[in-house]
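Heads up: the structure comes next, in C-alpha coordinates.
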Amino acid sequence: MRNSARLTLLLFYSLSPGFAKVSGIELLFGAGILSLCGYFLLVRPGPATEARDRTGGVFRYALLAVVPYIAVLAAWLLGLGMVHDRLVAVGVFTFVAPLAIVTIAGPGRARQLLRDTPAIAAIHAVLALLIYPPLRPAFDTIESVGQVLMEGTAAFRLSSVSGSLAMSGFMVVAFSMAMKAQVEARPASHAAHLNLAGAALFLFCGFMSLQRAAWLALLLVSSAALLALPSKRRLALAWVILVAFAPLAIGLASIDLPPEIVDLVIDRFGTITGGGDDSAVAERSGQWVNVFGNFMTQPFGYGPGQLGQAVRDAEPYSGGLPIYDGDYFRIVSEYGAGGILLILIVVVLALKALRMISAARRGETPPGQVFIAGATLGLMLQAVGTNVTELYFTNTLFWALLLQIAAWRRTVMRPLLPRTRRTGQTAARAVAVQSI
(Lines give C-alpha, C1' and ligand atoms only; values in the text may rest on other atoms or scores of the structure.)
Protein backbone atom coordinates (compact mmCIF):
# COMPACT_ATOMS: atom_id res chain seq x y z
CA MET A 1 0.00 0.00 0.00
CA ARG A 2 2.78 2.41 0.94
CA ASN A 3 4.67 1.71 -2.28
CA SER A 4 1.54 2.12 -4.41
CA ALA A 5 0.72 5.44 -2.77
CA ARG A 6 4.31 6.59 -3.25
CA LEU A 7 4.34 5.76 -6.95
CA THR A 8 0.90 7.32 -7.45
CA LEU A 9 2.11 10.61 -5.97
CA LEU A 10 5.21 10.56 -8.15
CA LEU A 11 3.13 9.81 -11.24
CA PHE A 12 0.75 12.67 -10.46
CA TYR A 13 3.70 15.01 -10.02
CA SER A 14 5.17 14.00 -13.37
CA LEU A 15 1.81 14.31 -15.17
CA SER A 16 0.61 17.50 -13.48
CA PRO A 17 1.72 19.76 -16.39
CA GLY A 18 -0.48 17.67 -18.67
CA PHE A 19 -3.42 17.88 -16.30
CA ALA A 20 -2.93 21.65 -16.10
CA LYS A 21 -2.79 21.99 -19.89
CA VAL A 22 -5.88 19.87 -20.53
CA SER A 23 -7.97 21.41 -17.73
CA GLY A 24 -6.63 24.96 -17.93
CA ILE A 25 -6.13 24.98 -14.13
CA GLU A 26 -2.63 26.30 -13.46
CA LEU A 27 -2.91 25.53 -9.74
CA LEU A 28 -2.27 21.89 -10.67
CA PHE A 29 1.38 22.80 -11.11
CA GLY A 30 1.46 23.66 -7.42
CA ALA A 31 -0.45 20.51 -6.56
CA GLY A 32 2.26 18.57 -8.34
CA ILE A 33 4.92 20.13 -6.14
CA LEU A 34 2.90 19.14 -3.05
CA SER A 35 2.63 15.59 -4.34
CA LEU A 36 6.43 15.50 -4.69
CA CYS A 37 6.68 16.42 -1.01
CA GLY A 38 4.21 13.65 -0.18
CA TYR A 39 6.25 11.20 -2.24
CA PHE A 40 9.42 11.89 -0.27
CA LEU A 41 7.53 11.61 3.03
CA LEU A 42 6.57 8.06 2.04
CA VAL A 43 10.11 7.11 1.02
CA ARG A 44 12.10 5.51 3.80
CA PRO A 45 15.44 7.22 4.52
CA GLY A 46 18.64 5.70 3.22
CA PRO A 47 21.25 3.81 5.25
CA ALA A 48 22.86 5.56 8.17
CA THR A 49 26.25 5.37 6.45
CA GLU A 50 25.20 8.22 4.15
CA ALA A 51 25.15 10.69 7.04
CA ARG A 52 28.85 10.00 7.67
CA ASP A 53 29.87 11.04 4.17
CA ARG A 54 31.32 14.44 4.98
CA THR A 55 32.08 15.36 1.37
CA GLY A 56 28.52 14.64 0.29
CA GLY A 57 27.23 16.66 3.23
CA VAL A 58 29.31 19.67 2.24
CA PHE A 59 27.89 19.64 -1.28
CA ARG A 60 24.37 19.17 0.03
CA TYR A 61 24.59 22.13 2.41
CA ALA A 62 26.18 24.24 -0.31
CA LEU A 63 23.19 23.51 -2.56
CA LEU A 64 20.81 24.35 0.28
CA ALA A 65 22.64 27.63 0.92
CA VAL A 66 21.59 28.84 -2.53
CA VAL A 67 17.89 28.55 -1.61
CA PRO A 68 17.75 31.25 1.13
CA TYR A 69 19.88 33.50 -1.08
CA ILE A 70 17.26 33.20 -3.83
CA ALA A 71 14.41 33.71 -1.35
CA VAL A 72 15.94 36.91 0.03
CA LEU A 73 16.72 38.15 -3.49
CA ALA A 74 13.15 37.50 -4.68
CA ALA A 75 11.60 39.19 -1.62
CA TRP A 76 13.88 42.23 -1.99
CA LEU A 77 13.21 42.66 -5.72
CA LEU A 78 9.47 42.18 -5.20
CA GLY A 79 9.50 44.86 -2.52
CA LEU A 80 11.27 47.24 -4.89
CA GLY A 81 8.83 46.42 -7.71
CA MET A 82 11.71 45.33 -9.96
CA VAL A 83 10.34 41.90 -10.88
CA HIS A 84 7.26 40.41 -12.53
CA ASP A 85 5.36 38.58 -9.75
CA ARG A 86 4.00 35.90 -12.07
CA LEU A 87 7.48 35.18 -13.42
CA VAL A 88 8.72 34.89 -9.83
CA ALA A 89 6.07 32.25 -9.17
CA VAL A 90 7.11 30.35 -12.30
CA GLY A 91 10.76 30.51 -11.27
CA VAL A 92 9.98 29.24 -7.80
CA PHE A 93 7.86 26.31 -9.01
CA THR A 94 10.16 25.26 -11.84
CA PHE A 95 13.57 25.82 -10.26
CA VAL A 96 13.73 26.75 -6.58
CA ALA A 97 11.13 24.31 -5.19
CA PRO A 98 12.53 21.14 -6.81
CA LEU A 99 16.08 22.13 -5.77
CA ALA A 100 15.00 22.70 -2.16
CA ILE A 101 12.74 19.65 -1.87
CA VAL A 102 15.19 17.13 -3.34
CA THR A 103 18.17 18.50 -1.43
CA ILE A 104 16.29 18.44 1.88
CA ALA A 105 15.10 14.90 1.13
CA GLY A 106 18.73 13.81 0.86
CA PRO A 107 20.66 11.31 -1.29
CA GLY A 108 18.96 8.21 0.11
CA ARG A 109 15.43 9.29 -0.77
CA ALA A 110 16.69 10.80 -4.04
CA ARG A 111 18.15 7.40 -4.95
CA GLN A 112 14.72 5.83 -4.53
CA LEU A 113 13.29 8.51 -6.83
CA LEU A 114 15.79 7.48 -9.50
CA ARG A 115 14.92 3.82 -9.01
CA ASP A 116 11.24 4.63 -9.50
CA THR A 117 11.95 6.69 -12.63
CA PRO A 118 11.77 3.88 -15.26
CA ALA A 119 8.26 2.86 -14.13
CA ILE A 120 7.03 6.45 -14.44
CA ALA A 121 8.94 6.98 -17.69
CA ALA A 122 7.26 3.95 -19.27
CA ILE A 123 3.86 5.61 -18.80
CA HIS A 124 5.16 8.85 -20.33
CA ALA A 125 6.68 6.96 -23.25
CA VAL A 126 3.43 5.12 -24.04
CA LEU A 127 1.48 8.39 -23.72
CA ALA A 128 3.93 10.14 -26.03
CA LEU A 129 3.54 7.43 -28.66
CA LEU A 130 -0.27 7.56 -28.37
CA ILE A 131 -0.43 11.33 -28.99
CA TYR A 132 2.30 11.36 -31.67
CA PRO A 133 0.48 12.53 -34.83
CA PRO A 134 1.82 9.85 -37.25
CA LEU A 135 0.84 7.10 -34.75
CA ARG A 136 -2.20 8.64 -33.04
CA PRO A 137 -5.27 6.33 -32.95
CA ALA A 138 -8.46 7.69 -34.48
CA PHE A 139 -10.30 8.27 -31.20
CA ASP A 140 -11.86 11.63 -30.39
CA THR A 141 -10.57 11.71 -26.80
CA ILE A 142 -6.99 10.89 -27.75
CA GLU A 143 -7.18 13.31 -30.66
CA SER A 144 -8.37 16.23 -28.52
CA VAL A 145 -5.98 15.53 -25.63
CA GLY A 146 -3.12 15.00 -28.07
CA GLN A 147 -3.70 18.34 -29.76
CA VAL A 148 -3.59 20.16 -26.42
CA LEU A 149 -0.48 18.36 -25.17
CA MET A 150 1.36 18.72 -28.49
CA GLU A 151 0.56 22.41 -28.86
CA GLY A 152 3.75 24.36 -29.52
CA THR A 153 5.77 21.22 -30.28
CA ALA A 154 7.71 21.32 -33.55
CA ALA A 155 6.60 18.94 -36.30
CA PHE A 156 7.43 15.24 -35.97
CA ARG A 157 8.98 15.55 -32.52
CA LEU A 158 7.90 12.99 -29.94
CA SER A 159 6.57 14.87 -26.94
CA SER A 160 4.89 14.13 -23.64
CA VAL A 161 3.04 16.31 -21.14
CA SER A 162 5.82 18.89 -20.69
CA GLY A 163 7.03 19.22 -24.27
CA SER A 164 9.76 17.55 -26.27
CA LEU A 165 12.59 19.14 -24.27
CA ALA A 166 11.38 17.70 -20.96
CA MET A 167 10.64 14.40 -22.70
CA SER A 168 14.19 14.11 -24.01
CA GLY A 169 15.90 14.74 -20.67
CA PHE A 170 13.46 12.42 -18.90
CA MET A 171 14.24 9.64 -21.38
CA VAL A 172 18.00 10.09 -20.94
CA VAL A 173 17.68 9.49 -17.18
CA ALA A 174 15.15 6.67 -17.60
CA PHE A 175 17.40 4.92 -20.14
CA SER A 176 20.36 5.22 -17.77
CA MET A 177 18.45 3.93 -14.75
CA ALA A 178 16.96 1.02 -16.70
CA MET A 179 20.43 0.04 -17.92
CA LYS A 180 21.79 0.32 -14.37
CA ALA A 181 19.04 -2.03 -13.14
CA GLN A 182 19.71 -4.38 -16.07
CA VAL A 183 23.42 -4.56 -15.28
CA GLU A 184 22.73 -5.19 -11.59
CA ALA A 185 20.06 -7.87 -12.23
CA ARG A 186 20.85 -11.57 -12.47
CA PRO A 187 21.73 -12.40 -16.10
CA ALA A 188 18.87 -13.85 -18.16
CA SER A 189 16.40 -13.12 -15.35
CA HIS A 190 12.95 -11.64 -15.88
CA ALA A 191 14.10 -8.36 -14.32
CA ALA A 192 17.08 -8.17 -16.68
CA HIS A 193 14.88 -8.71 -19.75
CA LEU A 194 12.26 -6.23 -18.52
CA ASN A 195 14.84 -3.52 -17.91
CA LEU A 196 16.47 -4.17 -21.27
CA ALA A 197 13.11 -3.71 -23.02
CA GLY A 198 12.47 -0.55 -21.01
CA ALA A 199 15.90 0.85 -21.90
CA ALA A 200 15.20 0.20 -25.58
CA LEU A 201 11.86 2.03 -25.32
CA PHE A 202 13.46 5.03 -23.60
CA LEU A 203 16.33 5.14 -26.08
CA PHE A 204 13.89 5.15 -29.00
CA CYS A 205 11.70 7.86 -27.45
CA GLY A 206 14.73 9.97 -26.58
CA PHE A 207 15.91 9.76 -30.16
CA MET A 208 12.47 10.58 -31.59
CA SER A 209 12.24 13.73 -29.47
CA LEU A 210 14.68 15.07 -32.10
CA GLN A 211 16.53 17.05 -29.44
CA ARG A 212 20.16 17.32 -30.46
CA ALA A 213 21.38 17.79 -26.89
CA ALA A 214 19.57 14.59 -25.88
CA TRP A 215 21.28 12.69 -28.69
CA LEU A 216 24.64 13.87 -27.42
CA ALA A 217 23.65 12.96 -23.85
CA LEU A 218 22.60 9.44 -24.89
CA LEU A 219 25.86 9.08 -26.81
CA LEU A 220 27.78 10.17 -23.73
CA VAL A 221 25.97 7.66 -21.49
CA SER A 222 26.57 4.84 -24.00
CA SER A 223 30.22 5.77 -24.47
CA ALA A 224 30.81 5.81 -20.71
CA ALA A 225 29.18 2.39 -20.43
CA LEU A 226 31.29 0.94 -23.24
CA LEU A 227 34.39 2.35 -21.57
CA ALA A 228 33.70 1.12 -18.05
CA LEU A 229 31.50 -2.00 -18.21
CA PRO A 230 32.93 -5.52 -18.32
CA SER A 231 32.89 -7.05 -21.80
CA LYS A 232 29.97 -9.37 -21.01
CA ARG A 233 27.85 -6.43 -19.88
CA ARG A 234 28.59 -4.40 -23.01
CA LEU A 235 26.61 -6.94 -25.03
CA ALA A 236 23.43 -5.83 -23.24
CA LEU A 237 23.95 -2.30 -24.53
CA ALA A 238 24.22 -3.63 -28.10
CA TRP A 239 20.95 -5.52 -27.64
CA VAL A 240 19.24 -2.37 -26.38
CA ILE A 241 20.29 -0.44 -29.49
CA LEU A 242 19.09 -3.27 -31.73
CA VAL A 243 15.72 -3.60 -29.98
CA ALA A 244 15.23 0.18 -29.99
CA PHE A 245 15.93 0.85 -33.64
CA ALA A 246 15.02 -2.36 -35.47
CA PRO A 247 11.29 -1.42 -35.37
CA LEU A 248 12.20 2.05 -36.65
CA ALA A 249 14.13 0.59 -39.58
CA ILE A 250 11.28 -1.79 -40.40
CA GLY A 251 8.76 1.05 -40.14
CA LEU A 252 10.73 3.29 -42.46
CA ALA A 253 10.91 0.46 -44.99
CA SER A 254 7.26 -0.57 -44.81
CA ILE A 255 5.29 2.56 -43.88
CA ASP A 256 4.80 5.51 -46.17
CA LEU A 257 6.00 8.22 -43.81
CA PRO A 258 6.07 11.86 -44.89
CA PRO A 259 9.46 12.57 -46.50
CA GLU A 260 9.74 15.70 -44.35
CA ILE A 261 10.40 13.65 -41.24
CA VAL A 262 13.45 11.97 -42.79
CA ASP A 263 14.74 15.33 -44.03
CA LEU A 264 14.22 16.81 -40.56
CA VAL A 265 16.21 14.06 -38.83
CA ILE A 266 19.07 14.45 -41.31
CA ASP A 267 18.99 18.22 -40.88
CA ARG A 268 19.10 17.91 -37.07
CA PHE A 269 22.22 15.77 -37.33
CA GLY A 270 23.80 18.25 -39.71
CA THR A 271 23.23 21.25 -37.44
CA ILE A 272 24.85 19.75 -34.33
CA THR A 273 28.34 20.81 -35.39
CA GLY A 274 27.59 22.83 -38.51
CA GLY A 275 28.93 26.35 -38.83
CA GLY A 276 25.99 27.90 -40.65
CA ASP A 277 23.27 30.16 -39.35
CA ASP A 278 21.10 27.14 -38.52
CA SER A 279 23.71 25.33 -36.40
CA ALA A 280 23.14 24.65 -32.71
CA VAL A 281 25.98 27.01 -31.79
CA ALA A 282 24.73 29.83 -34.01
CA GLU A 283 21.19 29.52 -32.67
CA ARG A 284 22.35 30.12 -29.10
CA SER A 285 25.41 32.33 -29.48
CA GLY A 286 23.41 35.44 -28.65
CA GLN A 287 22.02 33.80 -25.53
CA TRP A 288 25.50 32.93 -24.34
CA VAL A 289 26.72 36.50 -24.82
CA ASN A 290 23.79 38.01 -22.90
CA VAL A 291 25.00 36.64 -19.57
CA PHE A 292 27.98 39.01 -19.46
CA GLY A 293 25.82 42.08 -19.89
CA ASN A 294 23.33 40.82 -17.32
CA PHE A 295 25.95 40.11 -14.66
CA MET A 296 27.78 43.38 -15.14
CA THR A 297 24.50 45.32 -14.92
CA GLN A 298 23.04 43.46 -11.93
CA PRO A 299 25.64 41.21 -10.23
CA PHE A 300 23.26 40.09 -7.46
CA GLY A 301 20.83 38.69 -10.08
CA TYR A 302 17.53 39.59 -11.70
CA GLY A 303 15.43 37.17 -9.64
CA PRO A 304 13.68 33.80 -10.17
CA GLY A 305 12.09 33.28 -13.58
CA GLN A 306 12.85 36.79 -14.84
CA LEU A 307 15.06 35.90 -17.81
CA GLY A 308 14.38 32.24 -18.61
CA GLN A 309 11.74 30.33 -20.54
CA ALA A 310 8.84 32.13 -18.86
CA VAL A 311 9.93 35.41 -20.48
CA ARG A 312 8.63 34.10 -23.80
CA ASP A 313 5.13 34.82 -22.48
CA ALA A 314 5.73 37.95 -20.40
CA GLU A 315 8.27 40.74 -20.76
CA PRO A 316 10.56 41.26 -17.75
CA TYR A 317 10.28 44.52 -15.82
CA SER A 318 14.00 44.85 -15.24
CA GLY A 319 15.15 45.21 -18.84
CA GLY A 320 17.59 42.30 -18.53
CA LEU A 321 18.61 40.33 -21.62
CA PRO A 322 16.64 37.06 -21.83
CA ILE A 323 18.37 33.65 -21.73
CA TYR A 324 15.91 31.30 -23.41
CA ASP A 325 18.36 28.40 -23.76
CA GLY A 326 21.39 27.57 -21.66
CA ASP A 327 20.91 26.81 -17.98
CA TYR A 328 24.25 27.93 -16.69
CA PHE A 329 24.10 31.42 -18.13
CA ARG A 330 20.45 31.80 -17.12
CA ILE A 331 21.31 30.79 -13.56
CA VAL A 332 24.11 33.37 -13.39
CA SER A 333 21.83 36.02 -14.92
CA GLU A 334 18.92 35.36 -12.55
CA TYR A 335 20.85 34.63 -9.35
CA GLY A 336 24.13 36.51 -9.76
CA ALA A 337 26.75 35.56 -7.16
CA GLY A 338 24.53 32.78 -5.79
CA GLY A 339 24.18 31.42 -9.30
CA ILE A 340 27.96 31.38 -9.73
CA LEU A 341 28.25 29.31 -6.53
CA LEU A 342 25.70 26.85 -7.91
CA ILE A 343 27.58 26.55 -11.20
CA LEU A 344 30.85 25.92 -9.36
CA ILE A 345 29.17 23.09 -7.45
CA VAL A 346 27.98 21.59 -10.75
CA VAL A 347 31.48 21.82 -12.24
CA VAL A 348 33.09 20.11 -9.24
CA LEU A 349 30.45 17.36 -9.31
CA ALA A 350 31.08 16.88 -13.03
CA LEU A 351 34.72 16.17 -12.23
CA LYS A 352 33.60 13.74 -9.52
CA ALA A 353 31.31 11.99 -12.02
CA LEU A 354 34.30 11.48 -14.30
CA ARG A 355 36.15 9.94 -11.35
CA MET A 356 33.19 7.61 -10.82
CA ILE A 357 33.44 6.37 -14.42
CA SER A 358 37.18 5.80 -13.98
CA ALA A 359 36.56 3.95 -10.71
CA ALA A 360 33.94 1.72 -12.36
CA ARG A 361 36.44 0.86 -15.08
CA ARG A 362 39.03 -0.16 -12.47
CA GLY A 363 36.50 -2.17 -10.49
CA GLU A 364 36.58 0.20 -7.51
CA THR A 365 32.84 0.82 -7.62
CA PRO A 366 29.95 -1.35 -8.90
CA PRO A 367 29.67 -1.22 -12.71
CA GLY A 368 26.09 0.04 -12.60
CA GLN A 369 27.33 3.29 -11.10
CA VAL A 370 28.67 4.28 -14.50
CA PHE A 371 25.08 4.98 -15.57
CA ILE A 372 24.57 7.35 -12.63
CA ALA A 373 27.68 9.25 -13.68
CA GLY A 374 26.74 9.10 -17.37
CA ALA A 375 23.20 10.37 -16.79
CA THR A 376 24.52 13.22 -14.63
CA LEU A 377 27.07 14.27 -17.22
CA GLY A 378 24.45 13.86 -19.94
CA LEU A 379 22.03 16.29 -18.29
CA MET A 380 24.90 18.66 -17.51
CA LEU A 381 25.77 18.60 -21.21
CA GLN A 382 22.15 19.24 -22.19
CA ALA A 383 22.05 22.19 -19.80
CA VAL A 384 24.72 23.99 -21.85
CA GLY A 385 22.29 24.65 -24.69
CA THR A 386 18.85 23.90 -23.22
CA ASN A 387 16.96 24.66 -20.02
CA VAL A 388 17.04 21.37 -18.10
CA THR A 389 16.67 22.94 -14.65
CA GLU A 390 13.45 24.69 -15.69
CA LEU A 391 11.79 21.57 -17.11
CA TYR A 392 9.08 20.03 -14.93
CA PHE A 393 10.14 16.67 -13.41
CA THR A 394 13.39 16.52 -15.40
CA ASN A 395 14.79 19.22 -13.11
CA THR A 396 13.93 17.04 -10.11
CA LEU A 397 15.88 14.17 -11.64
CA PHE A 398 18.81 16.50 -12.25
CA TRP A 399 19.11 17.46 -8.57
CA ALA A 400 18.60 13.84 -7.50
CA LEU A 401 21.51 12.79 -9.71
CA LEU A 402 23.73 15.54 -8.34
CA LEU A 403 23.10 14.27 -4.81
CA GLN A 404 24.16 10.76 -5.86
CA ILE A 405 27.43 12.08 -7.26
CA ALA A 406 28.00 14.22 -4.16
CA ALA A 407 27.47 11.24 -1.82
CA TRP A 408 29.59 8.78 -3.81
CA ARG A 409 32.80 7.45 -2.35
CA ARG A 410 35.34 5.28 -4.12
CA THR A 411 35.55 1.66 -3.02
CA VAL A 412 38.27 1.15 -0.42
CA MET A 413 40.23 -2.09 -0.67
CA ARG A 414 41.94 -3.24 2.52
CA PRO A 415 43.16 -6.63 3.73
CA LEU A 416 41.04 -8.44 6.30
CA LEU A 417 42.85 -11.60 7.38
CA PRO A 418 46.42 -12.83 6.90
CA ARG A 419 47.10 -16.16 5.19
CA THR A 420 46.77 -19.15 7.51
CA ARG A 421 48.08 -22.66 7.01
CA ARG A 422 44.77 -24.36 7.83
CA THR A 423 42.43 -22.32 5.63
CA GLY A 424 44.75 -20.95 2.95
CA GLN A 425 43.14 -17.54 3.30
CA THR A 426 45.13 -14.76 1.65
CA ALA A 427 45.90 -11.31 2.96
CA ALA A 428 44.54 -9.90 -0.30
CA ARG A 429 40.89 -10.60 0.58
CA ALA A 430 39.17 -7.23 0.61
CA VAL A 431 35.93 -5.52 1.47
CA ALA A 432 34.09 -2.84 -0.53
CA VAL A 433 33.13 0.19 1.51
CA GLN A 434 30.97 2.77 -0.24
CA SER A 435 28.13 5.13 0.43
CA ILE A 436 25.81 4.53 -2.53
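Sub-9 Å Cβ pairs linking a first residue in segment 113-128 that is without any contact (Cβ under 8 Å) to a residue 24 or more places away in the chain to a second residue that is polar (S, T, N, Q), at least 6 apart or interchain, number zero.
Just one of the numbered conditions (1) at positive phi; (2) loosely packed, with under 15 Cβ neighbours inside 10 Å; (3) not charged (D, E, K, R) is not true of Gly106: (2). Only one entry in Ile345, Ile357, Ile340 is in contact with a helix residue (DSSP H, G or I) (Cβ under 7 Å, 6 or more places away or on another chain), of a type outside the set (Lys, Arg) and more than 30 Å from Leu227 (Cα to Cα), namely Ile340. On the stretch given as segment 294-344, residues that are within 20 Å of the chain's Cα centre (by Cα), surrounded by fewer than 19 Cβ atoms within 10 Å (Cβ to Cβ) and more than 19 Å from Thr394 (Cα to Cα) total 1. Of the helices (runs of 4 or more DSSP H) lying entirely inside segment 155-242, those carrying at least 1 residues that are touching a helix residue (DSSP H, G or I) at 6+ places or on another chain (Cβ under 9 Å) and farther than 25 Å from Ala110 by Cα are 190-208, 212-228. The single condition among (1) modelled with pLDDT of 90 or more; (2) under 14 Å from the mean Cα position of the chain (by Cα) that Leu201 does not satisfy is (2).
Just so you know, in segment 1-18 the residues that are closer than 21 Å to Val148 by Cβ and in contact (Cβ under 8 Å) with a residue 24 or more places away in the chain include one that is surrounded by the most Cβ atoms within 10 Å (Cβ to Cβ), and it is Ser14.
Residues that are part of a loop (DSSP other than H, G, I, E, B) and not acidic (Asp, Glu) were ranked within segment 19-40; the one that is surrounded by the most Cβ atoms within 10 Å (Cβ to Cβ) is Ile25.
Here Val347 passes the criteria (1) surrounded by fewer than 19 Cβ atoms within 10 Å (Cβ to Cβ); (2) more than 22 Å from Ala89 (Cα to Cα); (3) modelled with pLDDT under 85 except the one numbered (3). Scan segment 133-155 for residues that are at pLDDT 85 or above and surrounded by fewer than 12 Cβ atoms within 10 Å (Cβ to Cβ) and the total you get is 1.
The numbered conditions (1) among the small types (Gly, Ala, Ser); (2) in a helix (DSSP H, G or I); (3) surrounded by fewer than 20 Cβ atoms within 10 Å (Cβ to Cβ) are all true for Ala359 except (3). Among the residues of segment 171-180, not a single one is out of contact with any strand residue (DSSP E or B) (no Cβ under 7 Å at 6 or more places or on another chain) and farther than 28 Å from Asp327 by Cα. Annotation note: of Ala178, Ala174, Ala197, Ala166, the sole residue that is surrounded by fewer than 24 Cβ atoms within 10 Å (Cβ to Cβ) and among the small types (Gly, Ala, Ser) is Ala197.
The values are calculated or read from the model by the stated rules, or taken from the named source; none is laboratory data. Owing to the predicted nature of the structure, the values given are computational and were not obtained by experimental measurement. Glycine also receives a Cβ, built like all others from the backbone with ideal geometry; neighbour counts cover every protein chain displayed.
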